[in-house]
Ligand SMILES: Nc1ncnc2c1ncn2[C@@H]1O[C@H](COP(=O)(O)OP(=O)(O)OP(=O)(O)O)[C@@H](O)[C@H]1O
Ligand SMILES: [Mg+2]
């Protein structure tokens, strides 16, 4: 177990593509960090630099107190779980788990003890003599986890380990990874582009965008106070509604047309206002003005079971917004509705930089 | 539907007959007496000289020096065929490994240079090759017979394509598991290449076994004769003024055919198993 420290780590591929642009993160001992971001934002690259599979262009990575920039992957005391599992196809499950230990010259009975122990924890004891091709996706995933566990490393690195599984299995394995990490207390860095996976697993989230950190924080913190429009639209599902607004004498208004009202909170003349689908309430016409009030026309109602999502068009020709409503709510296409949001649920971002404006 | 099946089978049977008849005739003829063959040509039934012909061919010393018999030639052919195939596989795997997994200057150029040697078969470079082998004093040695032939552009190419199809994550997982370049090669790549190795072994063994020109040049000592060239050589000596020993020649030809057939059968089952069980 160890801390991991990244200090302005950069990665430039082939002298041209800057995949990671000076990232600094302090990861505490035993912490579960999730790197999340859209495809191509550099999360795999960052993880692979920690693993030692990719050279660090500039900056410094420390595992424990040791700078590992020039240390071989095998000597960094880490274990990695790959998206496609990367099990050795010609070896039995047992040998897949044992291979790394054998290479370190560990005694046979210690290897056996560790493999059996990992197999017990992951419930793969029955498959130890099988080859990976004779396993289901979920079982392979467990073997890949087992290969990481047996090494008893200072840190686990996961690169989208669940994205090859079907939805149900993904949820199940997600819970299991979380439980496992909590009981082993091994520092973990987990890469995913799935915001739900990120929210549920992380002690702290690192939201990456285009090689830069947008925000670091506990999942709920990131959800409650997104640092930028990017984070706001990336974390949470369906995504936060982002509305371009201007201000006039009466307060907030849409840049195009009517349909929005509210007080100007920060004395600026342009904002991007954000409000999550779950924080918009459908209220009777003529209700008292809230922090934000919207007039909209229903387009579609999308029931997903436990709740429904209402898609509506603001004002005349304004942006489309999403509202979460209760599961059996009834709306007709074309119906006029009034929506309101409380002050604490409305986020304001700088209209040019997209950074959060805090009051 | 049924008619179609009958038609299919007829075509297949015709193909089989076309391929097998000459071999069967050679075998049947080899079981007959020399004089009878000379008088009546190819034989269509099983004669009563089977045991004696094959025994003579395998054990009776022939040639000028009377030191080479069927067994010796069989041994030489096996050494050539196996040495040739194994050598080619080892060399081309190592070359492909270097090309695919190591970044060295001009790697691509190196690959294409190797690839271009495909355009230069042995026959084209046979004189300089002979010159070198002769200067090294390797004439009439197994080394001289095998080593100059084992560089293989074809093998290198196939292994290169195969290695490129192995997922990178496997290499990365192995690196994290503490496998160095050599361990990765031996522990991961070689076992994964089993199918490929079997396929190339079949091709190369047969190719090596059937070499004629090079062994003819490089071995003047009859103790190094291979079966393929022995068939001709021994026949020439034995005929003299007498009737050519057709039965012996046929028997040798049959014997010369057996090992490649066995190799193909053995490795093919391996090969197909490998394909069906597709590991990657
Ligand atoms: N070997 C490479 N050479 C050049 N550019 C690369 C290389 N590997 C990655 N990149 C680039 O670096 C950027 C980050 O890639 P990376 O693989 O880290 O993305 P990612 O966040 O993991 O995306 P995904 O979610 O799709 O896996 C991308 O723009 C990619 O094109
Ligand atoms: Mg990735």
Check whether at least one residue in segment B:60-71 is buried (at least 19 other Cβ atoms within 10 Å of the Cβ), touching a helix residue (DSSP H, G or I) at 6+ places or on another chain (Cβ under 7 Å) and at pLDDT 85 or above, and report yes or no.
no
Against the condition away from chain B (no Cβ under 14 Å), within 16 Å of ligand 2 (Cβ to nearest atom), in contact with a helix residue (DSSP H, G or I) (Cβ under 6 Å, 6 or more places away or on another chain) and farther than 17 Å from residue B:177 by Cα, how does residue A:42 come out, does it pass?
no
Only unsatisfied item for residue A:89, checking (1) outside any strand (DSSP E or B); (2) over 15 Å from residue B:178 (Cβ atoms); (3) more than 8 Å from chain B (Cβ to nearest Cβ), is (3)
Restricted to segment A:181-202 and to residues being more than 16 Å from ligand 2 (Cβ to nearest atom) and surrounded by fewer than 18 Cβ atoms within 10 Å (Cβ to Cβ), the residue nearest to the other protein chains (Cβ to nearest Cβ) is A:184
Residue by residue through segment A:16-25, note down the ones that are surrounded by fewer than 22 Cβ atoms within 10 Å (Cβ to Cβ) and either part of a strand (DSSP E or B) or within 12 Å of ligand 2 (Cβ to nearest atom) (or both).
A:17, A:18, A:19, A:21, A:22, A:24, A:25
Answer from A:116, A:108, A:102, A:131 - the residue that is away from ligand 1 (no atom under 16 Å from the Cβ) and closer than 20 Å to residue A:164 by Cβ
A:131
Quick test for you: out of A:184, A:205, A:260, A:252, pick the one residue that is farther than 19 Å from residue A:26 by Cβ and assigned by TED's automatic domain parsing to the domain that holds residue A:33.
A:184
Hey, residue B:243 over 25 Å from residue B:197 (Cβ atoms) and at pLDDT 85 or above or not:
no
The residue from A:216, A:149, A:121 that alone is surrounded by 20 or more Cβ atoms within 10 Å (Cβ to Cβ) and either under 23 Å from residue A:2 (Cβ atoms) or in contact (Cβ under 8 Å) with a residue 60 or more places away in the chain (or both) is A:149
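Taking helices (runs of 4 or more DSSP H) that do not extend beyond segment B:127-222, which have at least 2 residues that are within 14 Å of chain A (Cβ to nearest Cβ) and buried (at least 17 other Cβ atoms within 10 Å of the Cβ)?
Numbers: elements: B:142-146, B:153-165, B:168-176, B:194-209, B:213-218.
In segment B:127-222, B:168-176, B:194-209 are the helices (runs of 4 or more DSSP H) which contain 2 or more residues that are within 14 Å of chain A (Cβ to nearest Cβ) and buried (at least 17 other Cβ atoms within 10 Å of the Cβ).
With the requirement that a residue be within 14 Å of ligand 1 (Cβ to nearest atom) and part of a loop (DSSP other than H, G, I, E, B), what does segment A:47-62 give you?
A:53, A:54, A:55, A:56, A:57 - these are the residues of segment A:47-62 that are within 14 Å of ligand 1 (Cβ to nearest atom) and part of a loop (DSSP other than H, G, I, E, B).
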Could you check how many residues of segment A:49-64 are farther than 18 Å from residue A:28 by Cβ and within 14 Å of another protein chain (Cβ to nearest Cβ)?
6
Return the total of residues in segment B:100-110 being surrounded by 11 or more Cβ atoms within 10 Å (Cβ to Cβ) and modelled with pLDDT of 85 or more.
3
Can you give me the number of residues within segment A:229-278 that are crowded, with 20+ Cβ neighbours inside 10 Å and more than 19 Å from residue A:319 (Cβ to Cβ)?
2
Inspect segment A:140-153 for any residue being in contact with a strand residue (DSSP E or B) (Cβ under 8 Å, 6 or more places away or on another chain) and within 16 Å of ligand 1 (Cβ to nearest atom) and give the result as yes or no.
no
Hits in segment A:26-56 - residues which are surrounded by fewer than 19 Cβ atoms within 10 Å (Cβ to Cβ) and more than 28 Å from residue A:234 (Cα to Cα):
A:55
Select from segment A:154-212 the residues that are within 13 Å of ligand 1 (Cβ to nearest atom) and part of a helix (DSSP H, G or I) and list them in ascending order.
A:195, A:197, A:198
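The values are calculated or read from the model by the stated rules, or taken from the named source; none is laboratory data. Fair warning: this is a prediction, and the values are worked out from it, not measured in the lab. Don't worry about glycine lacking a Cβ; one is built from the backbone with ideal geometry, like all the others, and counts go over all protein chains shown.
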